[in-house]
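Student: Provided herewith is a single structure, encoded as structure tokens, for subsequent inquiry.
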Amino acid sequence: MKIIHHSVRKACCACCLFFFLYTGSNAQTLTFEQQSDGWLLLDEGEPRYFYQTATKSLDGKYPRANYIHPLYDVDGEVITEDFPEDHPHHRGVFWTWHQLWVKDQRAADPWICENITWEVKNVKTGIHPNGAARLEARIIWKGTGAIKKNILEETLIVTYQRISSRAYKLAFDISLRPLLQEVRLGGSEDPKGYGGFSPRIKLSSNPGFFDENGPLVPAELAINAGPWVNVTMEKATDPGVVIMGEPDQLPSYQGWILRSENSMQNMAFPGREPILLSRKNPLLRFRNQLLIHQGMEKQEISNQYRIFRNQN
């Protein structure tokens, strides 16, 4: 099968834009590189993430844009998956749902990239004095099936900041505004009810799952866990990815959908019953953060979570 895309590391001098920051004696350099299909962030020349703006497909199937892949660890290794054989609709770090309704009509299934496109517009990038790299975009969710109209407008803010030479954080601030009357969003139409912020992370043969209270056991249905989950190679202090969110701020929060193989990880909402989106404030807004690390103690993760919540 042929994957239709462009290399994120190719030379693209004619169409690249660069932004630099040097911070004190560390001489930290953050660089955004614009390419024909998206934006690549580098930290001192090492890739950290690629934001996909152009539509990408697998032999014309599962067309999608508006997601993060590849995501790299601090050693430059790719830690996300795109078009995996078991679930080819999964894509890096993504945020979407199975159900998208307009009044009483099913408009699309964004989870499997059916009857919808994502048109990424007005991408802005910048480097801030605090050592953070910020990407902001406006995205139109457009129906291509029975309803061929602009359905949702998304505002996306992605913020990168290095924690140390062994860790960095990537924060997501996402708002959705309906462009039509009576737009509803819902998760999978089964007891699992998954949907929302969903990283598809490469897993080891025996991954570990930990929250603030200790080990977690993935299950078929959503489980109760704290506001963050550390997905590691095996042990609690092994390299891994911490997924953070604000469960108390989510409508109809379902819990964590965790999988030890062949799947994404998901802080699920709103479940199988769709929710009506307001065209006025408050919009549907949710925030998540990833910590990509080579080994972090529980207290350090908790400290980073407090910082994340205080930045709201």
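The values are calculated or read from the model by the stated rules, or taken from the named source; none is laboratory data. Owing to the predicted nature of the structure, the values given are computational and were not obtained by experimental measurement. With ideal geometry, Cβ positions are generated from the backbone for all residues, glycine too; neighbour counts draw on all protein chains shown.
Student: Could you please let me know if Tyr51 is more than 22 Å from Thr125 (Cα to Cα), modelled with pLDDT of 95 or more and either of a type in the set (Phe, Trp, Tyr) or in a strand (DSSP E or B) (or both)?
Tutor: No, not satisfied.
Student: Identify all residues within region 65-120 that are under 29 Å from Leu276 (Cβ atoms) and either at pLDDT below 95 or of a type in the set (Val, Ile, Thr) (or both); write none if there are none.
Tutor: The answer is Ile68, Val93, Thr96, Val102, Ile112, Ile116, Thr117, Val120.
Student: Right, next: From the set of residues in region 276-297 that are among the charged types (D, E, K, R) and assigned to a loop (DSSP other than H, G, I, E, B), which is farthest from Thr96 (Cα to Cα)?
Tutor: Here the answer is Glu297.
Student: Between Glu273, Glu300, which is assigned to a helix (DSSP H, G or I) and either hydrophobic (A, V, I, L, M, F, W, C) or at negative phi (or both)?
Tutor: It is Glu300.
Student: Name every residue in region 208-219 that is at negative phi and surrounded by fewer than 21 Cβ atoms within 10 Å (Cβ to Cβ), in order of residue number.
Tutor: Of everything in region 208-219, those that are at negative phi and surrounded by fewer than 21 Cβ atoms within 10 Å (Cβ to Cβ) turn out to be Gly208, Asp211, Glu212, Asn213, Pro215, Leu216, Val217, Pro218, Ala219.
Student: What number goes with the only condition from (1) free of Cβ contacts under 8 Å to residues at least 60 places away in the same chain; (2) part of a loop (DSSP other than H, G, I, E, B); (3) crowded, with 16+ Cβ neighbours inside 10 Å that Ala236 does not pass?
Tutor: (1)
Student: Let me ask something else. Can you tell me how many residues in region 73-110 are buried (at least 24 other Cβ atoms within 10 Å of the Cβ) and without any contact (Cβ under 8 Å) to a residue 12 or more places away in the chain?
Tutor: Within region 73-110, residues that are buried (at least 24 other Cβ atoms within 10 Å of the Cβ) and without any contact (Cβ under 8 Å) to a residue 12 or more places away in the chain number 0.
Student: Looking at Ile151, is it touching a residue at least 40 places away in the same chain (Cβ under 8 Å) and under 15 Å from the mean Cα position of the chain (by Cα)?
Tutor: For Ile151, the condition - touching a residue at least 40 places away in the same chain (Cβ under 8 Å) and under 15 Å from the mean Cα position of the chain (by Cα) - is not met.
Student: Same structure, new question: Output the residue which, of all residues in region 220-233 that are over 16 Å from the mean Cα position of the chain (by Cα) and under 14 Å from Ser204 (Cβ atoms), is surrounded by the most Cβ atoms within 10 Å (Cβ to Cβ).
Tutor: Going through the qualifying residues, I end up with Thr232.
Student: In addition: For region 277-291, state whether one or more residues are at pLDDT 95 or above and farther than 21 Å from Gly195 by Cβ.
Tutor: Yes, that holds for at least one residue.
Student: Could you please let me know if Phe269 is over 21 Å from Asn213 (Cβ atoms) and out of contact with any Cys (no Cβ under 6 Å at 6 or more places or on another chain)?
Tutor: In short, yes.
Student: Identify all residues within region 239-270 that are aromatic (Phe, Trp, Tyr) and part of a loop (DSSP other than H, G, I, E, B); write none if there are none.
Tutor: Tyr253, Phe269
Student: Right, another one. Hey, can you tell me all the residues within region 165-184 that are touching a helix residue (DSSP H, G or I) at 6+ places or on another chain (Cβ under 9 Å) and not charged (D, E, K, R)?
Tutor: Passing the criteria: Ala167, Ala171.
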